[in-house]
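The values are calculated or read from the model by the stated rules, or taken from the named source; none is laboratory data. Just so you know, these numbers come straight off a predicted model, no measurement behind them. A quick note on method: Cβ atoms are made from the backbone with ideal geometry, for glycine too, and the neighbour counts reach across all protein chains shown. All accessible areas refer to the heavy atoms of the entire protein, side chains included, with ligands and DNA or RNA removed. Shrake-Rupley method; radii C 1.70, N 1.55, O 1.52, S 1.80 Å.
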Amino acid sequence: MPELPEVEALAQFLREHAVGAVVGRVDVAALSAVKTFDPPVTALSGRDVTGAARWGKFLGMDCDGLWLITHLSHGGWLRWLDEPSQTPPKPGGKSPLALRVHFFDPEGATPAFDLTEAGTKKRLAVYIVEDPKLVPGIARLGPDALEVTEEQFTEILRGASQRIKTAIVDQTLLAGIGNAYSDEILHTAKISPFASTKTMPAQKMSELYGAMREVLTDAVQRSVGQDAARLKGEKRSGMRVHARTGSPCPVCGDTVREVSYAERSFQYCPTCQTGGKILADRRMSRLLK
């Protein structure tokens, strides 16, 4: 899933490639992806692209006061096309294409971008709104993870009464962090994913805030300026524990472990984060019964 660094990089990519162009035709290939109907998608055609922005993990393109906003969810992505097909896609097909936006740029070129979604569970969402806060998910967001102060961060987490892993991916508490970067942040801070927000010592809370800033800032710096097609690889290359189950921890050499749930999993290093304790993996517990 694209998280804060990748979505920030995509916003910057649109500022560099789409701002100044005029929206041409908008092709909808997956009708279920469009969550708003007034204004219609066709209202974007003929408008100048004047900006791009990010709210947590939401990406938006400003079309002269009318916003196209998307949440890419788990399997979504934005793909830029210098020479797109001019044949409209067939709605409801098996293609990963959800929506294509055509442009006319000042140099006379006609590029486009595709919003695509891999996998069978289609959760990518597109909204056409005059005010980004009309998108329910944006209206519910907590403060941005890179804008929150340490005092605010501590106050938010102290009031959460959750395991720390659960709290920092809760978008209503902090906006922008997902499963992958939360693994990296907790590993950097040397904190167990199961640690309690209520009982965490003040020093560890401060270290967690610092780790969050460090991990996200580094990821943004590595991602911004990358071609959209390379962002996924850049994200994977920077991971130390996430999605590295069975690999040696790059800090201590211990084996990276995993805890699995129905639709997701997270990774951690026992030596760095849990004092050597192996956390209960519900998937393995079921297999052993």
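Can you compute the modelled spin-label distance between Glu107 and Arg236, with each label point 7 Å from Cα toward Cβ, in nm?
Computed distance between label sites Glu107 and Arg236 equals 3.0 nm.
Which of the chymotrypsin sites (Phe, Trp or Tyr not before Pro) found in the stretch 228-279 are in a DSSP loop and have at most 15 neighbouring Cβ atoms, other than their own, within 10 Å?
Tyr261
Please sort by residue number the GluC sites (Glu not before Pro) in the stretch 186-289 whose DSSP state is loop and whose Cβ has at most 12 other Cβ atoms within 10 Å.
Qualifying residues, ordered by number: Glu263.
If only Cα atoms are counted, what is the Rg of the stretch 157-199, and what is its Dmax, in Å?
Calculated on Cα positions, Rg and Dmax stand at 9.5, 24 Å.
Highest GNM mean-square fluctuation, the chain, Cα pairs closer than 10 Å: which of Gly76, Gly56, Gly253?
Gly253
Over the chain, what percent of the accessible surface lies on carbon and sulfur atoms, probe 1.4 Å?
Carbon and sulfur: 51 percent of the exposed surface of the chain.
Assuming a ≥ b ≥ c are the square roots of the Cα gyration tensor eigenvalues, decide whether the stretch 1-95 counts as rounded (a/c under 1.5), prolate (otherwise, with a/b larger than b/c) or oblate.
It is rounded, given that a/c, with a ≥ b ≥ c, falls under 1.5.
Kyte-Doolittle cut-off -0.5, length cut-off 18 Å along the helix's own axis using Cα: show which whole DSSP H helices in the chain pass.
4-17, 202-223
With runs of 4+ DSSP H residues as the only contributors, calculate the mean residue ellipticity of the chain at 222 nm using -39,500 (n - 2.57) per run, divided by the residue total and rounded to the nearest 500.
After summing the helix terms and dividing by the residues of the chain, the value is -8000 deg cm²/dmol.
If each residue of separation counts as 0.36 nm, what is the full-extension length gain between Arg140 and Thr50 once their alpha-carbon separation is subtracted?
Between Arg140 and Thr50, full extension yields 29.9 nm more.
With θ set to phi - 60° and the Karplus curve 6.51 cos²θ - 1.76 cosθ + 1.60, what are the ³J(HN,Hα) couplings of the stretch 238-253 in order, to the nearest whole Hz, using x for Gly and Pro?
Whole-Hz 3J(HN,Hα) from phi for the stretch 238-253: x, 7, 9, 10, 4, 6, 10, 3, x, 8, x, 4, x, 8, 10, x.
Compare Pro132, Pro193, Pro39 in a GNM of the chain, Cα atoms joined below 10 Å, and give the one with the largest fluctuation.
In this elastic network of the chain, the residue with the biggest mean-square fluctuation among Pro132, Pro193, Pro39 is Pro39.
Every cysteine in the chain with no other Cys Cβ under 4.7 Å from its Cβ, please list them in numeric order.
Cys63, Cys252
Taking 20 °C and 1.002 mPa s as the conditions, I'd like the Stokes-Einstein D for the stretch 132-227 in µm²/s, using the Kirkwood hydrodynamic radius from alpha carbon pairs.
157
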